[in-house]
1. Could you list, ordered by first residue, the pairs with Cβ atoms under 8 Å in which the first is in the stretch 185-201 and in contact (Cβ under 8 Å) with a residue 24 or more places away in the chain and surrounded by 17 or more Cβ atoms within 10 Å (Cβ to Cβ) and the second is in a helix (DSSP H, G or I) and not β-branched (V, I, T), at least 6 apart or interchain?
2. Name the residue that is farthest from S36 (Cα to Cα), counting only residues in the stretch 143-163 that are modelled with pLDDT of 95 or more and part of a loop (DSSP other than H, G, I, E, B).
3. For the stretch 66-91, what are the residues that are touching a residue at least 12 places away in the same chain (Cβ under 8 Å) and surrounded by fewer than 17 Cβ atoms within 10 Å (Cβ to Cβ)?
4. Could you list all residues from the stretch 32-59 that are outside any loop (DSSP other than H, G, I, E, B) and buried (at least 20 other Cβ atoms within 10 Å of the Cβ)?
5. Identify all residues within the stretch 14-31 that are in a loop (DSSP other than H, G, I, E, B) and surrounded by fewer than 22 Cβ atoms within 10 Å (Cβ to Cβ); write none if there are none.
6. Regarding V32, is this residue touching a helix residue (DSSP H, G or I) at 6+ places or on another chain (Cβ under 7 Å), more than 19 Å from R237 (Cβ to Cβ), among the hydrophobic types (A, V, I, L, M, F, W, C) and at pLDDT 95 or above?
Amino acid sequence: MILKLEEIALNAWPALETIQLDGWVIRYAHGVTKRSNSVNPIYESVQNINEKIDFCEKFYRSKAIPVCFKITEIAQPSGLDEMLDTRGYAHKFDVLILVKDISKFNGDIDENIHLLEDTDDLWLDHYIKMNGSKPTDKPVYKQIIDNIQFPKCLFALILNDVVIGCGLGVIEEKFIGLFDIVIAPQYRNQGFGKLLVENILKWGKSKGADTAYLQVLADNTPAIRLYEKVGFKEAYRYWYRIKA
């Protein structure tokens, strides 16, 4: 299950450049999000480990961004996490992967939820503002989302003609991934996050998905509480090893 979800998540949030190196997937997208700018060591690895790490360090330093490895319990080869630690890579940003069975999840999409299949400039503006991202990164976010090769939907929660929440859903096979669910600060803790998540799940179920997954920082207690209310449970976790 870990390998399957890791593969699907790579497809759901693509990089702009990808290198395959002896079981490692090296991704780059101008430094926008760690997901798209990290090494994913998820397949069997047989070549010299230090030489491979050296290659990754040279690659990311040529791009002028920190060297970053995404580590799960299936990281290859065994002992990679400990080796990165000895080479000065700091353990940062523990992330939980939560899953939910939506095979019996039904209902109509709420009238306040607007769906877009193509990347929209106005949606991106709201998305970037609510996530606290840099406006100058907007073209890269657009490229990333445009490069998604599987069915996707951009969601906007609109109340009294004001966009108060955004989210992204991506489907591959029977899985729907939920990404960057965000509600504007002044509308949080009022049930709007739950409303947005449930409607993304309804859309996913209508498109044939029976399992939902999402990623959330382990220290984001309010978000975890929200997802648990909807019925999500932890499947596994990952973290980053980062060297400046």
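The values are calculated or read from the model by the stated rules, or taken from the named source; none is laboratory data. These figures come from a predicted structure and were not determined experimentally. Here Cβ is always computed from backbone atoms with ideal geometry, including for glycine, and neighbour counts include all displayed protein chains. Surface accessibility is based on the protein's heavy atoms, side chains included, excluding ligands, DNA and RNA. Shrake-Rupley method; radii C 1.70, N 1.55, O 1.52, S 1.80 Å.
1. What qualifies is G193/A223; G193/L226; V197/L226; V197/Y227.
2. Per the criteria, the residue is P151.
3. Let us first name the residues in the stretch 66-91 that are touching a residue at least 12 places away in the same chain (Cβ under 8 Å), namely 66-77, 80-81, 83-85, 87-91.
Passing the criteria: E73, I74, P77, M83, D85, R87, G88, A90, H91.
4. Going through the stretch 32-59, the residues outside any loop (DSSP other than H, G, I, E, B) turn out to be 34-36, 39-41, 49-59.
Selection gives R35, S36, V39, N40, P41, K52, I53, C56.
5. To start, the set of residues in the stretch 14-31 that are in a loop (DSSP other than H, G, I, E, B) comprises 14-16, 22-23, 29-31.
Within the stretch 14-31, P14, L16, D22, G23, H30, G31 qualify.
6. Numbers: touching a helix residue (DSSP H, G or I) at 6+ places or on another chain (Cβ under 7 Å): yes; more than 19 Å from R237 (Cβ to Cβ): yes; among the hydrophobic types (A, V, I, L, M, F, W, C): yes; at pLDDT 95 or above: yes.
Considered against the rule, which asks whether it is touching a helix residue (DSSP H, G or I) at 6+ places or on another chain (Cβ under 7 Å), more than 19 Å from R237 (Cβ to Cβ), among the hydrophobic types (A, V, I, L, M, F, W, C) and at pLDDT 95 or above, V32 comes out as yes.
Let's see how each residue does on (1) over 26 Å from T211 (Cβ atoms); (2) at pLDDT 95 or above; (3) aliphatic (A, V, I, L, M); (4) in a helix (DSSP H, G or I):
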| site | (1), (2), (3), (4) |
| --- | --- |
| V95 | no, yes, yes, no |
| K100 | no, yes, no, no |
| D108 | no, no, no, no |
| K138 | yes, yes, no, yes |
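Residue-by-condition table, conditions (1) touching a strand residue (DSSP E or B) at 6+ places or on another chain (Cβ under 9 Å); (2) open to solvent by less than 10 Å² (accessible area, probe 1.4 Å):
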| position | (1), (2) |
| --- | --- |
| N147 | no, no |
| C153 | yes, yes |
| F175 | yes, no |
| I181 | yes, no |
| G208 | yes, no |
| Y213 | yes, yes |
| D219 | yes, no |
| A244 | yes, no |
